[in-house]
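Enquirer: Submitted below is the structure of interest, expressed as structure tokens.
Readers should treat all values here as calculations from the given coordinates under stated rules, not as data from a laboratory. Note that the structure is predicted; figures quoted are calculated from it, not measured. Cβ sites come from the backbone with ideal geometry, for glycine too, and all protein chains shown count toward neighbours.
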Amino acid sequence: MKSCTTLRVSFHDPGNRRAIGGGLEDIKFTGHGCAISQASASLMTVKLKGKSRPEAMEMLRAFHDLVTNDANEAPKVLGDLRVMRGVRNFPQRVKCAMLPWRAVEQAFEQGAGEATVSTELA
């Protein structure tokens, strides 16, 4: 089964002084695929909404470490995303968990305003 995630992101207006680093004003996803990719996307959108770009990128790195490294303690900044820790025991599923996070990276590369990013994983 292929996993596909379409992410719609609205960035803060860079003219707004509270919008440091062009943060995520709104983030939503649609998609289909395995439970891991869908759960990761759902938890991610809740956690990233309203975050600045540096905060979002810090969370991305922390999540990547969570699902790939054997660290004993998961960063508290991840909150509910820490339930995804078990994915590291199934290396073939790490891509599934990371799929929506890669979409966020691509959205940040597109810049300001609104971005729609689609990813597909075979």
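Enquirer: Anything in the stretch 67-81 that is crowded, with 16+ Cβ neighbours inside 10 Å and more than 13 Å from the chain's Cα centre (by Cα)? List them, or say none.
Expert: Passing the criteria: A74, P75.
Enquirer: So, in the stretch 34-58, of the ones that are free of Cβ contacts under 8 Å to residues at least 40 places away in the same chain, part of a helix (DSSP H, G or I) and over 10 Å from the mean Cα position of the chain (by Cα), which residue ends up nearest to S118 (Cα to Cα)?
Expert: The selected residue is Q38.
Enquirer: Next question. Looking for whichever is in a helix (DSSP H, G or I), among the β-branched types (V, I, T) and touching a residue at least 40 places away in the same chain (Cβ under 8 Å) here; the options are V77, V67, V83. Which one fits?
Expert: Residue meeting the stated conditions: V83.
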